[in-house]
Amino acid sequence: MTWMKPHIIRLFAILAVTVAVFASCSKRLKPASVLISNPVLHLNPVPQGESLKVLFEIENTSDNPLFIQEIQTTCGCVVPKNELPIVILPHRMGTVHLAYNTIKNTGYVDHFVYCYGNFDGEDHIELEFDTNVVPRADYIRDYEQLVTEFPESFKKVPSMFDEERYKKTK
């Protein structure tokens, strides 16, 4: 039994070191400081119905990696294009890509984007962009314009005007 004492002492020592190592590992993200060169973008007017690509550049100025885990927008017409989480390594630049669908808006629009992550001093940052959505001209488009704009919708039209069918009705 005396020969087992050293083995038990070694086993407890290994167990204590293992517990100490795992207890010292923290799974909490350390905060990262960021610099956004232009958090408010004033974009040129865009015609209604077009998609607008919006990019915000974010610089990680800390020694810790930045993890943007969630992006929320104030309108469903603004959709984030990045895969989440967005990881920006220390002292590197990263971008937040957004797509804005202008089909349901006209006139001046102002949208806010909230990025949630391990930001220093707060849990999120606020980005903003604005633009003017210019409505289409109020005129009646002729057949050729409609066919070129919506070709899928007019694939069935020629079958309605079948010449053989027309000749039989005469």
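The values are calculated or read from the model by the stated rules, or taken from the named source; none is laboratory data. Please read these numbers as outputs of a predicted model, since none were measured by experiment. Because the Cβ atoms are built from the backbone with ideal geometry, glycine has one as well, and the counts that use them run over all protein chains shown. Note: areas computed on protein heavy atoms with side chains; ligands, DNA, RNA excluded. Shrake-Rupley method; radii C 1.70, N 1.55, O 1.52, S 1.80 Å.
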Here are some conditions: (1) modelled with pLDDT under 95; (2) in contact with a Ser or Thr (Cβ under 9 Å, 6 or more places away or on another chain); (3) more than 18 Å from V133 (Cβ to Cβ); (4) open to solvent by 40 Å² or more (accessible area, probe 1.4 Å). E50 meets all but one. Which one does it not meet?
(3)
All but one of (1) farther than 28 Å from Y108 by Cβ; (2) of a type outside the set (V, I, T); (3) touching a Leu at 6+ places or on another chain (Cβ under 8 Å) hold for S33; which doesn't?
(3)
Between a residue in the stretch 124-135 that is farther than 22 Å from L35 by Cβ and any residue that is among the polar types (S, T, N, Q) and surrounded by fewer than 18 Cβ atoms within 10 Å (Cβ to Cβ), which pairs come within a Cβ distance under 6 Å, given they are 6 or more apart or on different chains?
V133/Q48; V133/T106; P135/Q48; P135/T106
Selection over the stretch 70-107 where residues are open to solvent by 70 Å² or more (accessible area, probe 1.4 Å) and over 19 Å from P39 (Cβ atoms) yields a count of 11
